[in-house]
Amino acid sequence: MFQRKDLDQKLIEKALKNEAFREQLLENPEVAIEQEMGMKIPEPMKIKIVEEDPQTIYLVLPYVPASETQVELSETELQEIAGGGTHLGYCPPRNTTPGYFGC
């Protein structure tokens, strides 16, 4: 099984050396990759090939699954974290000394 960077590098190298492969890669990337790599592209996956020109630079950002992105907290959750709500383990202060907040 190829790592993504290895796959990219192999396809780019072949496209630079073989104009017919380059054209096929641009016109029908799934078929070109399947034939070159001997592997089937899974049905829901799409492949887009973009050819750079001297005036344009492309930056491809990797996919980040939703579980790895920052989740925004609700107002209630923010209040609980900030001490605005009650939660298990809460104990009122036993000591009445000003400034003492322990259990």
Highest mean first, what order results for 29-36, 74-81, 56-63 on Cβ atoms within 10 Å?
-> 29-36, 74-81, 56-63
Taking amide hydrogens as modeled 1.01 Å from N in the peptide plane, which residues meet the under 5 Å criterion relative to Asn28, leaving out close sequence neighbours?
-> none
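Computed from the coordinates by the stated procedures, all read-outs in this text should not be read as laboratory data. None of these values were measured; they are calculated from a predicted model. Glycine also receives a Cβ, built like all others from the backbone with ideal geometry; neighbour counts cover every protein chain displayed.
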